Amino acid sequence: MNSVGIDLHGSRSHVAVIDEQGELSLSRRIANDPDIFLELLGGLSGETQIAVEATYGWEWLAELLEDAGYELHLAHPLRTKAIASARVKTDAVDARTLAQLLRADLLPEAYVAPRELRDLRDLLRQRVALTLHALLAGKASGTATPICSAAPAWRRSLSCRCAHSRASGSRCCCA
């Protein structure tokens, strides 16, 4: 079985493949293009398992690999001590280390949520960002929406413009 380690970055990644005999059979830097990943991995003979470190933006690659039928392992970044403590730290070394840890069954794995849950989390993150943006924009323009006293203190402090404090010009009664 081939063990693949991918050191994923924003626009380019490094891919390392260790074959069944434990030899490094491929080490290549590639552009983050779905077709390039699938072409590279499709050229491997036999079964393939893939390790990717859980860094920002790993979801697109996970979905691509899962859809293509590959066995994906998400490496926990804080528990992957072999990478963090390496003397020589390059993308090629990181990818090879991920592949070696995966091959030896020593890869500390992170939880990969099901796609439906990942999609729901993305929607929630977008909603929170839009809500905070609207609150801060309202506070800056002086037209913030009133927030009741049941809201958490941090949220009340963002934009409290209750009717009482507006009418009297006094300190907010909700705080």
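The values are calculated or read from the model by the stated rules, or taken from the named source; none is laboratory data. Since the model is a prediction, treat every value here as computed from it, not as a measurement. Glycine gets a Cβ as well: all are built from the backbone with ideal geometry, and neighbour counts include every protein chain shown.
Which is free of Cβ contacts under 8 Å to residues at least 60 places away in the same chain and on the phi > 0 side of the Ramachandran plot, of Gly10, Gly69? Talk me through it step by step, then tell me what you get.
Numbers: Gly10 fails: on the phi > 0 side of the Ramachandran plot.
Every option except Gly69 fails the conditions.
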Is there a residue being part of a loop (DSSP other than H, G, I, E, B), touching a residue at least 24 places away in the same chain (Cβ under 8 Å) and touching a Leu at 6+ places or on another chain (Cβ under 8 Å) anywhere in the stretch 20-27? no
In this structure, is Glu53 modelled with pLDDT under 90, within 14 Å of Val112 (Cβ to Cβ), surrounded by fewer than 18 Cβ atoms within 10 Å (Cβ to Cβ) and not aromatic (Phe, Trp, Tyr)? no
Do we have any residue at all in the stretch 10-28 that's closer than 23 Å to Tyr111 by Cα and loosely packed, with under 13 Cβ neighbours inside 10 Å? yes
Could you grab me the full set of residues in the stretch 64-82 that are surrounded by fewer than 19 Cβ atoms within 10 Å (Cβ to Cβ) and either part of a helix (DSSP H, G or I) or of a type in the set (Gly, Ala, Ser) (or both)? Leu64, Glu66, Asp67, Ala68, Gly69, Lys81, Ala82
